[in-house]
1. State yes or no: is residue A:47 away from chain B (no Cβ under 14 Å), assigned to a loop (DSSP other than H, G, I, E, B) and over 22 Å from residue A:91 (Cβ atoms)?
2. Just to be sure before I move on: is residue B:96 at the interface with chain A (Cβ under 9 Å from one of its Cβ atoms) and assigned to a helix (DSSP H, G or I) in the structure I sent?
3. Name the one entry in A:18, A:11, A:31 that is under 23 Å from residue B:89 (Cβ atoms), within 13 Å of chain B (Cβ to nearest Cβ), surrounded by 18 or more Cβ atoms within 10 Å (Cβ to Cβ) and at pLDDT 85 or above.
4. Which one of the conditions (1) under 30 Å from residue A:23 (Cα atoms); (2) more than 9 Å from chain A (Cβ to nearest Cβ); (3) of a type outside the set (A, V, I, L, M) does residue B:105 fail to meet, given that it meets all the rest?
5. So, in the range A:50-76, how many residues would count as being buried (at least 18 other Cβ atoms within 10 Å of the Cβ), assigned to a loop (DSSP other than H, G, I, E, B) and of a type in the set (Gly, Ala, Ser)?
6. How many residues, within the range B:79-93, are under 13 Å from residue A:45 (Cβ atoms) and more than 7 Å from chain A (Cβ to nearest Cβ)?
Amino acid sequence: MKNNLLFDFTVDKASKTVFVNREFDADLSLVWDAFTKQEILDQWWAPKPWMSKTKTMDFKVGGKRFYAMVSPEGQEHWSIEKYTSISPKSNFKMLNAFADKDENPELPGSDWDLNFSEQNRTTKVSIIIKNESLARMEQMIEMGFQGGFTMTLNYLEDLLATLSK
Amino acid sequence: MRRDIFQAIADPTRRAIITLIALQAMTPNAIADNFNTTRQSVSKHLRILTECELVKQEQQGREIYYSLEINKMKEIDRWLNQFRKIWETRFNQLDQVLSTIKKQKK
């Protein structure tokens, strides 16, 4: 696997917008499928040990994906993604909102704009996420990733830093 | 009411105040001299920043000096870093999924 693949993550606190850019060592149609087909999405969307469980997904304009992030203890945090625009293998846009298990959205949510492009057999994905408030981003972390996932990573990082001294 | 720390730094004047007092502790009058706005308006911004614990006050003689709570600012960066880590992990998982699919196709 190539190690020089781009990854950058920036946050504009003033406009409450997150920018994520990443390159993948795969062709465009495969990366597009990975973002738009539920059987592939569920394999990587949730950072382990969390699991992504898509209950329904209808990838078309006006369609939606209703899915849960499932904790190792089996706790489910539901979300709805509603597709507002699709240009195959180039761009899609969606509205994301947390929801309860009966598919009632918790507004406000966030606006997602995902761009895909290929160059020299590397596919670049650029994601722009506009949030109603940065407090919502905080909620996103608390809801989906409580249970010590990120804490564990932070502890591990500290531990490794200590051990390598 | 618990103030939203990110709301606090979403305001351009408050960000400018943070930048100013990051260099040295200042009195409200000295801070206000840097803005085309009323002393009252600067006081209001300072009150919000204080409520968010982004700045601290210190009495020196007759004057009150405001300075930046560096640790609180670091807290914001740590928090954003968690968000970054989620994406990093997610994409590393996707790398593996993509490489598995490519192998299956061959």
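The values are calculated or read from the model by the stated rules, or taken from the named source; none is laboratory data. What you see is a predicted model; the values in this text were computed from it and never measured. FYI the Cβ positions are ideal-geometry reconstructions off the backbone, even for glycines, and counts take in every protein chain you see.
1. No, not satisfied.
2. In short, yes.
3. A:31
4. (2)
5. The number of residues fulfilling the criteria is 1.
6. Of the residues in the range B:79-93, 1 are under 13 Å from residue A:45 (Cβ atoms) and more than 7 Å from chain A (Cβ to nearest Cβ).
Residues checked against (1) touching a residue at least 12 places away in the same chain (Cβ under 8 Å); (2) touching an Asp or Glu at 6+ places or on another chain (Cβ under 9 Å):
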site: A:28; (1), (2): yes, yes
site: A:66; (1), (2): yes, yes
site: A:86; (1), (2): yes, no
site: A:102; (1), (2): no, no
site: A:107; (1), (2): no, yes
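Let's see how each residue does on (1) touching a Lys or Arg at 6+ places or on another chain (Cβ under 8 Å); (2) in the same structural domain as residue B:21 (by TED's automatic domain parsing); (3) not charged (D, E, K, R):
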position	(1), (2), (3)
B:39	no, yes, no
B:43	no, yes, yes
B:50	yes, yes, yes
B:56	no, yes, no
B:60	no, yes, yes
